[in-house]
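*Asks:* Please see the structure below; I have some questions.
The values are calculated or read from the model by the stated rules, or taken from the named source; none is laboratory data. Model, not experiment: these values are computed from the prediction. So basically every Cβ, Gly included, is an ideal-geometry build from the backbone, and we count neighbours across all protein chains shown. Just so you know, the surface numbers come from the protein's heavy atoms only, side chains and all, with ligands and any DNA or RNA stripped out. Shrake-Rupley method; radii C 1.70, N 1.55, O 1.52, S 1.80 Å.
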Amino acid sequence: MATLAKPNLPRFNVEIFQNEYLADGAREVNAIVTVTATGGGTSGGRPLGFADATAAGSGTAAAVVVLVDCSGSMDYPKSKINGAREATAAAIDALRDGTAFAVVAGTHEARDIYPGDGTLATASATTRAQAKESLRRLTAAGGTAMGTWLAKADQLFLTRRDIAIRHAVLLTDGNNEHESAEDLARTVERVTGHFTADCRGVGTDWRIDELRRISSALLGTTDIVAEPSGLAEDFRSMMAGAMGKQVADVALRIWTPANARVRFVKQVAPAVEDLSSRRTEAGPRAGDYPTGSWGDESRDYHVCVEVPAASVGNEMLAARISLVLPEQVAGGTPEVLTQGLVKAVWTDDLASSTRISPQVAHYTGQAELASSIQEGLEAHRAGDVDRATAKLGAAVRIAHATGNEGTYKLLQKVVDVVDPKEGTVRFRKDVSEADSMTLETRSTKTVRVKK
């Protein structure tokens, strides 16, 4: 365990949980890495942007762009566009003074309705009032091209290159019908790393996989708001999270010795997110995995390393894991904020080598829970009731055993639970689309290991 800090930054701490003992010839090392940041967010830290914008006197250390779907379908029912206006007003009210922000109306085009001049406004009592007044121009007409919305957000963020903490909120009620999937993918790839984004789908006519691809690439979240009346509270919550961020672009750096390699890196709490394909090289035998922005919070990562086989009595450092502040934020050279070590020791003691770390076992189960739900619902849509029942039964068993009460309650809206310990279930009749989509959308949310 190691703890490091610097002025104006949260204090970072890392803990490594693993069973370091391997059987003779074994090669796979698993560890759960818990990273905790304190002293930022509401604890008194202040945001750090490029070259520390606040210290430079700009008064701005965060930027937010709200992307509101204004396609024609948002008028049916009219409560959707009305709810979107109310939610955007709630988000504007939640902005702290000095935050740079803009509101964009998204259709088959993208139009910034506030401040409306291709730049970002600076939050104050006056600009917040003006922005809320401008929301009357959020009217429903036109198509849906989310890539165009994301590109507009990128253009707006680039007008304030001094700000590191950049966050977009994307609200939609439908599919990305007015641009190709390839065009959207290209745009997402181009803006990845430029800002984070939370995506929200209102109603049940949008695609989970579409929004999840966007939020996953942009290190945000996807969730459903089944009824428009719930949008305002959801937007307030998202803005509270965005306003609590204190440092951006933090990377999880993993160094491995010669002849060892990283098999995968997954965030496993507060939600499952596979970061393996996001690696960028960071020197000899080291790679960086993005973690996004941090405030007062704790996250868990599952790291799996393949090491050279060794005989009993040998031991080695399997990986060195560091949390690194990039050079553009640190002020010239990357800075290690905290680090921990993953070890491997080969033994002939069967009890030691077969013991599974409780943390590794727990999060392996949480990842299986997410995949079981997604595969079960997919099978049900395809008409394979037997497979769907088996997969959701497995999900019930895991959720019950690991204390994931939130997911267990969502499962109960889709299946009747006969025996939670055994995972015996029956599909309920007339399951609503909202309940099914809520279960699938929130399937990746996890619970921490019980103390």
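*Asks:* Here are some residues: 292, 313. Which one is within 21 Å of residue 191 (Cα to Cα) and among the small types (Gly, Ala, Ser)? I'd like the intermediate steps shown before the answer.
*Replies:* Numbers: 313 fails: within 21 Å of residue 191 (Cα to Cα).
Exactly one residue qualifies, and that residue is 292.
*Asks:* If residue 233 satisfies every condition in (1) of a type in the set (Asp, Glu); (2) open to solvent by 10 Å² or more (accessible area, probe 1.4 Å); (3) closer than 30 Å to residue 24 by Cα but one, which is the exception?
*Replies:* With (1) of a type in the set (Asp, Glu); (2) open to solvent by 10 Å² or more (accessible area, probe 1.4 Å); (3) closer than 30 Å to residue 24 by Cα applied to residue 233, the lone miss is (3).
*Asks:* Sticking with this structure for a sec: In this structure, does residue 107 turn out to be over 22 Å from the mean Cα position of the chain (by Cα), at negative phi, open to solvent by less than 50 Å² (accessible area, probe 1.4 Å) and β-branched (Val, Ile, Thr)?
*Replies:* yes
*Asks:* Within segment 381-406, take every residue that is part of a loop (DSSP other than H, G, I, E, B) and open to solvent by less than 30 Å² (accessible area, probe 1.4 Å) and give me the one that is nearest to residue 438 (Cα to Cα).
*Replies:* So the first thing to find is which residues in segment 381-406 are part of a loop (DSSP other than H, G, I, E, B), and the list is 382-384, 403-404.
Now narrow it down to the ones that are open to solvent by less than 30 Å² (accessible area, probe 1.4 Å): 403-404.
Details: 403: 19, 404: 15 Å.
It comes out as 404.
*Asks:* What's the number of the condition residue 430 fails, among (1) in contact with a His (Cβ under 7 Å, 6 or more places away or on another chain); (2) at pLDDT below 95; (3) not hydroxyl-bearing (Ser, Thr, Tyr)?
*Replies:* The one condition residue 430 does not meet is (1).
*Asks:* Quick check on this structure: which one of 223, 173, 209 is within 24 Å of residue 267 (Cα to Cα) and in contact (Cβ under 8 Å) with a residue 40 or more places away in the chain?
*Replies:* Numbers: 173 fails: within 24 Å of residue 267 (Cα to Cα); 209 fails: in contact (Cβ under 8 Å) with a residue 40 or more places away in the chain.
Within the list 223, 173, 209, the selection yields 223.
*Asks:* For residues that are out of contact with any helix residue (DSSP H, G or I) (no Cβ under 7 Å at 6 or more places or on another chain), over 30 Å from residue 267 (Cα atoms) and either modelled with pLDDT under 95 or among the hydroxyl-bearing types (Ser, Thr, Tyr) (or both), tally how many sit in segment 61-87.
*Replies:* The number of residues fulfilling the criteria is 3.
*Asks:* Continuing with the same structure: Considering only segment 280-303, how many residues are within 25 Å of residue 344 (Cβ to Cβ) and crowded, with 19+ Cβ neighbours inside 10 Å? Let's see the steps before the verdict.
*Replies:* Filtering segment 280-303 down to residues within 25 Å of residue 344 (Cβ to Cβ) leaves 281-289, 291, 299-303.
Imposing the further condition that a residue be crowded, with 19+ Cβ neighbours inside 10 Å reduces the set to 287-289, 291, 299-303.
Qualifying residue count, segment 280-303: 9.
*Asks:* Which condition from (1) of a type outside the set (A, V, I, L, M, F, W, C); (2) open to solvent by 60 Å² or more (accessible area, probe 1.4 Å); (3) not in a helix (DSSP H, G or I) is the one that residue 409 breaks?
*Replies:* Here residue 409 meets the rest and fails (3).
*Asks:* With (1) assigned to a strand (DSSP E or B); (2) under 23 Å from the mean Cα position of the chain (by Cα); (3) β-branched (Val, Ile, Thr) as the list, and residue 342 as the residue in question, which single condition is left unmet?
*Replies:* Of (1) assigned to a strand (DSSP E or B); (2) under 23 Å from the mean Cα position of the chain (by Cα); (3) β-branched (Val, Ile, Thr), only one is false for residue 342: (2).
A quick yes/no check of all residues on (1) surrounded by fewer than 21 Cβ atoms within 10 Å (Cβ to Cβ); (2) of a type outside the set (Val, Ile, Thr):
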residue: 309; (1), (2): yes, yes
residue: 319; (1), (2): no, yes
residue: 337; (1), (2): no, yes
residue: 342; (1), (2): no, no
residue: 349; (1), (2): yes, yes
residue: 352; (1), (2): yes, yes
residue: 358; (1), (2): yes, yes
residue: 370; (1), (2): no, yes
residue: 375; (1), (2): yes, yes
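*Asks:* Which one is surrounded by the fewest Cβ atoms within 10 Å (Cβ to Cβ) among residues in segment 422-451 that are β-branched (Val, Ile, Thr) and within 26 Å of residue 211 (Cβ to Cβ)?
*Replies:* Looking only at segment 422-451, we keep the residues that are β-branched (Val, Ile, Thr), and these are 424-425, 431, 438, 441, 444, 446-447, 449.
Okay, now just the ones that are also within 26 Å of residue 211 (Cβ to Cβ), so 431, 438, 441, 444, 446-447.
Details: 431: 14, 438: 19, 441: 21, 444: 24, 446: 24, 447: 18.
Step by step, filter segment 422-451, then rank; the result is 431.
*Asks:* Which numbered condition trips up residue 153, out of (1) open to solvent by 20 Å² or more (accessible area, probe 1.4 Å); (2) modelled with pLDDT of 95 or more?
*Replies:* Condition (1) is where residue 153 drops out.
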